[in-house]
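Read through the structure below, which is laid out as structure tokens, and then see the notes.
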Amino acid sequence: CIAILYLLFMPESLTWKERDFSTNTKGFSKFINGLKIFFYPKYTGFSNWWRVWAATGVICIGIFSAIGGVEIQNYFLYNRPLQWSYDHIGYYSAAWSGLMGLVLLIVLPVFVAIGLSNAFIGLIGSVCAITANVIIANVKTNWEMYIAGALQSMQQLGFPVMRTILASLVRPEDHGAIFTISSSFQMVASVISTIVFNEIYKPETVISGHKINAGIAFWVMASMWATSIPLILLLLFCKQRKRSIDVEEERPLLYDESNSSYGSKNNNNIQ
């Protein structure tokens with residue numbers, strides 16, 4: 001709700017030279033433009049439209065799986081097979097959070113600096129997330145959990161690069177609109193995830209001779225992350241056709257706005 005109110009009443013952060021005054025991007029029209037981006041292919045062109053859905057799908061799948069992991073991780077660590085103490089869980093969670101920050105502050109800029117594409121960086125994040133969840137689903141010792149936590153922190157790579165792809169597919173005037181609508185989808189995914197994984201997770205135990213495996217929830221997470229791989233591969237290998245709107249080629253995550261030709265009616269991308 002806050003994002004939608006911001007979209008309706010706050011202007012985009014663009015200079016006068018960057019703004020396109022040929023379109024109406026004020027107030028309620030911005031919200032309508034956001035709906036058009038997702039539900040009216042001609043607004044951005046079909047080549048951009050399916051990429052918007054693919055990138056948003058990758059983000060929502062990641063949110064669904066990541067929120068699920070956060071919701072049940074402490075329960076999992078406290079019960080069998082690891083049976084960690086509350087202090088141990090607290091130290092692990094703090095270290096894991098710090099490691100996720102380092103991934104975004106150090107690893108991501110390094111990948112960008114060496115020239116990896118946004119989609120390929122997202123692919124690395126998803127593969128690491130799948131591997132981490134498979135390890136956790138079968139974990140027996142503390143060191144396996146530490147390795148899994150390190151790999152799990154790499155899943156953060158996918159979120160900023162997919163948002164960068166989204167930004168490259170629309171005009172600057174539509175950035176607020178596309179991020180507001182995509183954030184709404186992400187919120188729905190997080191709510192569903194909280195319900196689903198709290199229902200799926202059951203502590204490891206033996207009932208009437210049948211063993212209940214606590215790792216089943218992490219197999220589900222690994223499977224969800226795996227569904228993002230085809231979408232990322234489409235973004236990675238499908239060449240983009242000439243755009244029907246005034247946007248430039250996909251820009252890297254570290255981008256110099258001062259050199260941008262966004263918003264110019266003489267943009268070289270449209271001749």
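Rolling a 1.4 Å probe over the protein chains gives MET162 an accessible area of about 0 Å². Computed over protein heavy atoms with a 1.4 angstrom probe, the accessible surface ordering of PHE46, PHE185, PHE218, largest first, is PHE46, PHE185, PHE218. Projecting the Cα atoms of GLY101, ALA167, SER182 onto the dipole axis of segment 98-223, where Lys and Arg carry +1 and Asp and Glu carry -1 at the beta carbon, places GLY101 farthest toward the positive end. In this view, the solvent-accessible surface of GLU144, computed with a 1.4 Å probe and all protein chains in place, comes to about 50 Å².
Using heavy atoms of the protein chains and a probe of 1.4 Å, the accessible area assigned to SER97 is about 70 Å².
What do you reckon, how do LYS36, LYS30, LYS42, LYS140 stack up by accessible area (1.4 Å probe), largest on top?
Solvent-accessible surface, decreasing: LYS42, LYS140, LYS36, LYS30.
The values are calculated or read from the model by the stated rules, or taken from the named source; none is laboratory data. The structure displayed is predicted, hence computed values, not measured ones. Every residue, glycine as well, gets a Cβ built from its backbone with ideal geometry; the counts of neighbours run over all protein chains shown. What goes into the accessible areas is simple: the full protein's heavy atoms, side chains included, and nothing from ligands, DNA or RNA. Shrake-Rupley method; radii C 1.70, N 1.55, O 1.52, S 1.80 Å.
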